[in-house]
Amino acid sequence: MAEALAVVSLVSAIVQFVNFGTKVLNRLDEFKSDINEVPKTFRSIKIQLPLIVDTLKRTQKQADAGHFDDSTANALKPVVDGCLEQVKLLERILNKNVPAEKTSSWQRRLLAIKSLAHDDEAQQINSTLEHYIDLLTFHQATSNSELLVRETPQLSTSNPVNLPRKPVFMVPFHRDDMFVGRTEILNEIKLKLSKQQRRAVLAGIGGVGKSQIAIEYCYRYKDEQPEGQVFWVHSSNIARFDQAYKEIARKLKLPGLNDPDVNTLEIVMEWLSDDGNGPWLMVLDNADDKEVLFGANAQGSSRQSRKQGLSALVNYIPRSSIGSILVTTRDRWVGERLMNREKPVAVLPFEAEEAKQLLRNKLPTNSERDEAASMELLETLNFLPLAITQAAAYISEEEVSLAHYLDLLRPGDLDTNDLLEQDYYDPGRDPEIQNSIFLTWQISFDRITTQKPRAAEILSVMAVLDGQAISDMLLRQEDERKVDFDTGIGTLKAFSLVSEEENGAVFNIHRLVQLATRKWLELQHILVEWQEKALTAVFANCPLNGDYENWATWETISPHVQVVLEYVSGTENCQLQRANILHKASSYDKAQGRYGAAYKRAIEAQTTYQKLLGKEHPDTLTSTNNLASVLDNQGKYEDAEEILRQVLKLSEKVLGKEYPHTLTSMSNLASVLGNQGKYEDAEEIHRQALKLREKVLGKEHPDTLASMDNLALVLGNQGKYEDAEEIHRQVLKLREKVLGKEHPDTLMSINNLASVLGKQGKYEDAEEIHRQVLKLREKVLGKEHPDTLTSTNNLALVLGDQGKYEDAEEIYRQVLKLSEKVLGKEHLYTLTSTNNLAWVLGNQGKYEDAEEIHRQVLKLSEKVLGKEYPDTLTSMNNLALVLGDQGKCEDAEEILRQVLKLREKVLGKEHPDTLTSMGNLAWVLGNQGKYKHAEEILRQVLKLREKVLGKEHPHTLMSIYYLASILKSQGKYAEAAEMQ
């Protein structure tokens, strides 16, 4: 009974000390800084105290197991009491000198200075504690020796613990003599292992070189600490972890190894946790599975794993003040938990120079050295060490050139898949782990699917979109909780499979990860399923049209549109979604001036709608109407007219003559007729559409006002400027009332009014209004909006009409610079601005500059729009005019004849632009003295203009003036006077 009381008294004292000592240690830890910043008085104490706590815990464990008699307990009791007394003295000093958590930096420095006053007292405590540590350590060593002798009598008593004669170095890989770079990471490992926690974690995507860094560190550790033990533990699953610990036990010759009742994991952990056994380094390689490490209750574990009740290996990771743990993992979450939420060391792909060095090291010495090809290959492989090593192995094994390997990577996914599935032996990697890039990453994919199904779903969608700038809107499910999405995307980031841009909510995935994920989906026969889901996501997020307000969204989503449109689906729903995307994307292409791309998408959308829904379905009619609009923009007026007449006829049949969509078709048809110079027909249809819209929609409906505006424009094209002005003023007044003074449509009306005033020669009024609308558009739409650029261009035009060429030139240059920035150098509006700049230069007599710019515009117009596009023909016409101004009349005549021939073909013989070409040809002929021929052409022009435009149209009057001038040149003064 006395024995029992003595042991109980000892255990009670130990418990009291451990609790109190831990409290004091935490008080020191609250001083939130590195140990080197703790006041000097307490630094050594902060190191000694955990050792005493740990030693006494072991003593308590032996006492609880019944290994102590009363003499041992009575001998140890004063030592424990002495430790407790010293710690209580320490606490009193701490209360005076250690700052609270929120203490300012200057107060901390002041307390550190004050602590010097207690330095002698603290030193005495430290010396006393060191003495007690020596006593306790000696007791631990002797009691362990006696215990081993009692439990394992077969061991030699002359060497009770039977320690190995030399330190164990259990690393199953040779040192890589061509190891490259990673200096900063190796230094960071060393720094982390020198701190109190003595742990470091390397986290990164599979194949990035984590294990190779760990191998190199093991050899450096051996060189620096030859007395230290080094152990390598494969931690991918329980079986391999257990196998490694058994090998450690054999190497250390630990007792009980062959006893089935002995827990090998526990005896290894206990032996390594004993500081008396010397320093050591343990590498936990491929510690990726959180369920294996932390048990079935780990965050994100599946229901199935929770049912299986997996063991937690983390319980068997030793802790020692002189032992270190280095972990490699793909899952950053695992690393953070092992590091008590401290961030792991992130292992990223190589920098360019390191990658080039690795490639040089791995390639045969006699292989070619093509620096450009090498860099392209490394960039394609994302500077990933495993991918580089495998590429070099392929080049060596197959005896091909680097350029040949690169060619295999370039064409498409199939060749790349084959290459990245190659599995060449790598002596620096675990032989039980595949060396193929794809198979390496599929381990991560499988684990994510099991533990975080939502993360796997997000990864699957990202794999079948463009790899860059993937908005979270494309990845979120309908009505999904933010926390669920954040957890899913966080898992992918933790595995280094995706990255998030700085502004957030936008993610990137490298092409190699995409290809590996697609292969993974293909093997599960679900690739097409995810392609269809990606198509649906893009369909749901496409803007309704290509209006300027949607351009920013289109810029973000367009790369993904391009990708999903390549997918072929058999389901009707997906085909219709694809047609809808094509239709909307065509609208955006049209707004951007990419008429060729717009046409391809419009015709494909229209074909799909017609096939699946029939010619008369409203969606088919809308799509067909859009196709006609694209043809109109391409200058293919006859084709556009033909299609619009068909659409109008079907719309009247299916929807009715007064249905809004039918009236839109009428309005579009009238606009196409106007573009062909068929002004009378255009005017008639515009009046019909206006009348019906007033009836159906009301006089103040925006569509009705649009019809009024279109009617005014066609009247202006006929030279009926007063009528056009009157209607423009009515539309402006109504739009101000209905839409407001700053609505974009209202500003359009102001612009149109100013333009018609300019055509009447009311330049000052026109200039004033153009300046007003420009100011408003800059305020409402911004300086870079296309409508704002149009206003700026129109202001320059009216300044040029007034002979203010220098002012006009300055504004044209501003417009051109902004157009190139906003729309691009090859956009139709930009080409128009460039053409106008050349025009104003010519009017200032800067013919050579004007000619050069006209030639540039013509070349770009032929490339972008085609040789027969109306604006291309305008550029040819303007070039000829500036040549004529320089006296290069023969060159001018040749070009003008080409323009006339093409305009007759494209626009028709009676189109106003064709008549302009005839008049210009007559002008250059007159300059060469070919008066008779010029007279003949001008009489034809006058007759046609009277027919098409009317006798009072300004262009008709200009024809009379030119004809009279030619008559005078021939001495026909009477006839000339009669005409004037």
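FYI, it's all coordinate maths here, none of it is from the lab. What you see is a predicted model, and the numbers here were worked out from it, not measured in a lab. Positions of Cβ are backbone-derived with ideal geometry, glycine not excepted, and every protein chain shown enters the neighbour counts.
Quick notes
- Projection of the Cα convex hull of the range 663-791, averaged over all directions and equal to a quarter of that hull's surface, yields 7.4 nm².
- Mean shadow area of the range 768-912, taken as a quarter of the surface of its Cα convex hull (nm²): 8.9
- Sites GLU566 and ARG939, calculated FRET efficiency, Cβ-Cβ separation with R0 45 Å, nearest 0.05: 0.15
- Between the beta carbons of ARG645 and ALA346, assuming R0 = 51 Å, the FRET efficiency works out to 0.20 to the nearest 0.05.
- The range 843-980: C-alpha gyration tensor shape, a/c 1.5 cut-off, then a/b vs b/c: oblate
- Remark: C-alpha extents of the range 182-294 on the principal axes read 45, 32, 22 Å, sorted largest to smallest.
- For the range 500-626, the normalised intensity computed at q = 0.12, 0.13, 0.16 Å⁻¹ comes to -0.51, -0.60, -0.86 (log10 of I(q)/I(0), Debye sum over alpha carbons, equal scatterers, no solvent).
- Placing a pseudo-label 7 Å from each Cα along the Cα-to-Cβ vector at GLU529 and ASP69 gives an inter-label distance of 7.2 nm.
- Relative packing of 596-602, 902-908, which averages over residues the other C-beta atoms within 10 Å, highest first: 596-602, 902-908
- Computed from the C-beta positions of HIS174 and VAL483 and an R0 of 35 Å, the FRET efficiency is 0.15 to the nearest 0.05.
- Those residues of the range 694-712 whose amide nitrogen sits under 18 Å from the label point placed on GLU658, 7 Å along Cα→Cβ: 694-705
- Entry note: the range 721-837 has Rg to Rh equal to 0.98, where both radii use alpha-carbon atoms and Rh is the Kirkwood radius.
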